[in-house]
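The values are calculated or read from the model by the stated rules, or taken from the named source; none is laboratory data. Everything quoted here is computed from the prediction, not taken from an experiment. Using ideal geometry, Cβ is built from the backbone for each residue, glycine included, and neighbour counts are taken over all protein chains shown. Areas reflect the complete protein model, heavy atoms only, side chains present, ligands, DNA and RNA absent. Shrake-Rupley method; radii C 1.70, N 1.55, O 1.52, S 1.80 Å.
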Number of protein chains: 2
Amino acid sequence: MVSFGQLSDNPAIPARSVDWQDDALVLIDQTLLPEQVRLLHLKAYRPVVDAIKRLSVRGAPSIGVAGAFGVAIAFRELQGDTDGFSRAVNELRLARPTAVNLARAVDRVAANASGGFDVMLKEALAIRDEEIAASWSMGVYGSDLLIELGGNRPQRLMTICNTGGLAAVERGTALGVIETMLERGLLEEALPLETRPLLQGGRLGAPFRLIVDSAGPFLLSRGAADAVLVGADRVAANGDTANKVGTFSLALGARHAGVPFIVVAPESTIDLDTPSGDMIEIEDRGAAEVVAVRSTTVAPPGTDAINPAFDITPCDLITAVVTDRRVVRLDLGEKLSEIPHGPTRGHPPSDRR
Amino acid sequence: MVSFGQLSDNPAIPARSVDWQDDALVLIDQTLLPEQVRLLHLKAYRPVVDAIKRLSVRGAPSIGVAGAFGVAIAFRELQGDTDGFSRAVNELRLARPTAVNLARAVDRVAANASGGFDVMLKEALAIRDEEIAASWSMGVYGSDLLIELGGNRPQRLMTICNTGGLAAVERGTALGVIETMLERGLLEEALPLETRPLLQGGRLGAPFRLIVDSAGPFLLSRGAADAVLVGADRVAANGDTANKVGTFSLALGARHAGVPFIVVAPESTIDLDTPSGDMIEIEDRGAAEVVAVRSTTVAPPGTDAINPAFDITPCDLITAVVTDRRVVRLDLGEKLSEIPHGPTRGHPPSDRR
């Protein structure tokens, strides 16, 4: 579900896709979108694990924040059962393997266990706020880069998967950049891919046309877009990027068309401990997601499938990695391990905080 | 709908997806598969035009044969109304723009109008029989090429869209080659892409796993297949190939992975009058196919879409074009206009004729 503009347009949808309210983790159940907007209020850790596994919460930053609150919830629930708490932390940590944000956020909150629930909750809230600030900052860094590469004129921007506020607590990664371009009057059209198997394609508060995933590279070859922007689940030290399956073929298409291919991800998604994409585990989510679209069966019973949820785009196909603290131009030989962090730029409007 | 093995496995399904029986054009209504097998018996030309437009019949060779019978039907129906017949021929010819087989088969039957209905029907039956013979022959030429390229061992073959008997009257183009490999004991696994937006993915009578379209190039990069086989709606003189959208990104993936990318199409799909892919009209089938999967809505109401039904794969990404009469190795600099035709090889088993 591409959610650009959606959080503010629909009064039924809260400003943040993942938040803490009334002693509970509150999530928009993304498995029900776009038909239904239902909020989950979770006060026990197992439902948090399930929500992550079932994809009620999606997108690396949002998954990380959900996991962070999950650790505090587990601590409160298990009241001094140290072994139980360790197991809970482990379950949360392993609920999904690809996004680095999850393990990182879980570990960061768990490291505060000696301080008790209040200290852990404070840490989880800090992670939430950092992700929100990061979204706004990525929008500024990314938009400035697009102007540098494509000129100060309205641009046509292709993107894949859920990279809006649903994925990044508020605003988004790649879609956050597109939103900043819109606010600057520099968006001609957004071109989101529908993103099978789970069809996160959808609603934008801006001029856009939806396309099936496999049409993306062809439309690039016909000059349909000025740049491609994608999010990330994990960026390895060399720049190899794990993201929603289909990202790699879009990168091949961008290279063939001579169009910039830009990865937009917060620093929390950069994993310098993983040297390259070969070391990133790719989750296979099984045949069921492929053989049915929601309740509609699209293949005969018993059909087997290969269903990698992510793919790896090699660094040599990536023009730049944009984070909330810097732009790293891989195409110019810059390295993630060498380019220093700059300031966090931009900030949420005061009425949203 | 990938139909490999299906025509013979299911007694409700006739051996041929397009045929002439009891003075009528008989079609399997492919819009209802896989849920329902329903035959259409058409005795008037307008329903034939509609069946082609609605995609009740799909795949360049099958569309051509349906159009051929449609012309004879129109002649019988319009009894001496020369202007009406001309208009009918034109409607049939333009029912879909991309597959060259349709215009070619329609023109060939219409050129026999002076001979009356019986002569026109005979010509349409000849086109049907030629397409069936071509399928068997492509299987032999294609399978021999795979052995030459990959060795005389079981191979893993990736393919896209409906290229089986449903697309080619009987047996198929790319899937016909896969079937021949199976019969020769040389098929390790088939890897069909599901083929959005209409999800022609599906049932094979052989070891296979279904994959979403956007996962194809990534799985190639991980060594999942030994070769990619695709059909075609039109092959231009320079080898540029129009085929189901997604073919181009699969070709980019094959090139990146160093895997052969083979176009399988009968001579009736080769269009030497069209110099290159730039001249091929690409049908945009509108937003409705993208925003819903059968009856399931996957994007909010009013969502716009770009929906090219086909894409163009440039000749420099194609290893070889395999027809029913020859193999043209584009990768070795061979040209479609220069390589002579050889014999039609292989033939349907006698019990099927």
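Annotations
- Mean sequence separation of contacting Cα pairs (under 8 Å, at least six apart), scaled by the length of chain B, corresponds to a relative contact order of 18 percent.
- For B:F310, the residues whose amide H sits under 5 Å from its own are B:V245, B:E283, ignoring neighbours fewer than 5 places away on the same chain, with H placed 1.01 Å from N.
- Computed 3J(HN,Hα) for segment A:69-80, one whole-Hz value per residue from the Karplus formula 6.51 cos²θ - 1.76 cosθ + 1.60 where θ = phi - 60°, is 5, x, 5, 4, 4, 4, 4, 4, 6, 9, 5, x, glycine and proline marked x.
- Neighbouring partner chain Cβ atoms per residue of B:241-254, average, 10 Å criterion: 5
- Computed with a 1.4 Å probe on the full set of protein chains, the accessible area for B:I312 sits at about 20 Å².
- The contact between chain B and chain A removes approximately 4100 Å² from the accessible area (both sides summed; 1.4 Å probe; ligands, DNA and RNA excluded).
- Taking the label point 7 Å along Cα→Cβ, B:K122 and its counterparts in the other copies are spaced 9.6 nm apart, in ascending order.
- Computed from backbone phi with θ = phi - 60° and the Karplus coefficients 6.51, -1.76 and 1.60, the 3J(HN,Hα) list for segment A:183-194 is 5, 8, x, 10, 10, 7, 6, 9, 10, x, 7, 6 Hz; x is used for glycine and proline.
- In this assembly of identical copies, the label point of A:D278 (Cα plus 7 Å along Cα-to-Cβ) is separated from its counterparts by 4.2 nm, sorted shortest first.
- What the Cβ-Cβ distance of A:S337 and A:T31 gives, at R0 = 35 Å and to the nearest 0.05, is a FRET efficiency of 0.40.
- Heavy-atom surface of the protein assembly as shown, accessible at 1.4 Å and reported per residue (Å²): 34 Å²
- The label point for B:E289 and the one for A:D118, both projected 7 Å from the Cα toward the Cβ, are 6.2 nm apart.
- For B:E283, neighbours were defined as the other residues whose beta-carbon sits under 15 Å from its Cβ, and their charges (Lys and Arg +1, Asp and Glu -1) total +4.
- For the residue pairs A:K244/A:K335; B:K244/B:K335; B:K53/B:K122; A:K335/B:K244; B:K53/B:K335, the alpha carbons lie more than 29 Å apart in A:K335/B:K244; B:K53/B:K335.
- Contour excess over end-to-end distance, with Cα ends at B:R38 and B:E148 and 0.36 nm allotted per residue: 35.5 nm
- Solvent-accessible area assigned to carbon and sulfur over the protein assembly as shown amounts to 49 percent, based on a 1.4 Å probe.
- In this structure, the amide hydrogen of B:L210, modeled 1.01 Å from its nitrogen in the peptide plane, lies closer than 5 angstrom to those of A:D304, A:A305, A:I306, counting only residues at least 5 positions away or on a different chain.
- Position B:R38, label points 7 Å along Cα→Cβ, spacing to each other copy in nm (shortest first, one decimal): 3.3
- Comparing the protein assembly as shown with the 2.2 N^0.38 Å rule of thumb, its C-alpha radius of gyration ratio is 1.02 (two decimals).
- Checking every one of the GluC sites (Glu not before Pro) in segment B:245-292 against DSSP loop status and a limit of 14 other Cβ atoms within 10 Å picks out B:E281.
- Residues whose amide H falls under 5 Å from that of B:I160, counting only those 5 or more places apart or on a different chain, are B:L193, B:G231, with hydrogens built in the peptide plane.
- The figure for B:M279 is an accessible area of roughly 130 square angstrom, using a 1.4 Å probe on the protein chains alone.
- 3J(HN,Hα) from dihedral phi, segment B:246-262, Karplus parametrisation 6.51/-1.76/1.60, rounded to Hz, x for glycine, proline: x, 5, 4, 5, 5, 5, 4, x, 5, 4, 4, 8, x, 10, x, 10, 10
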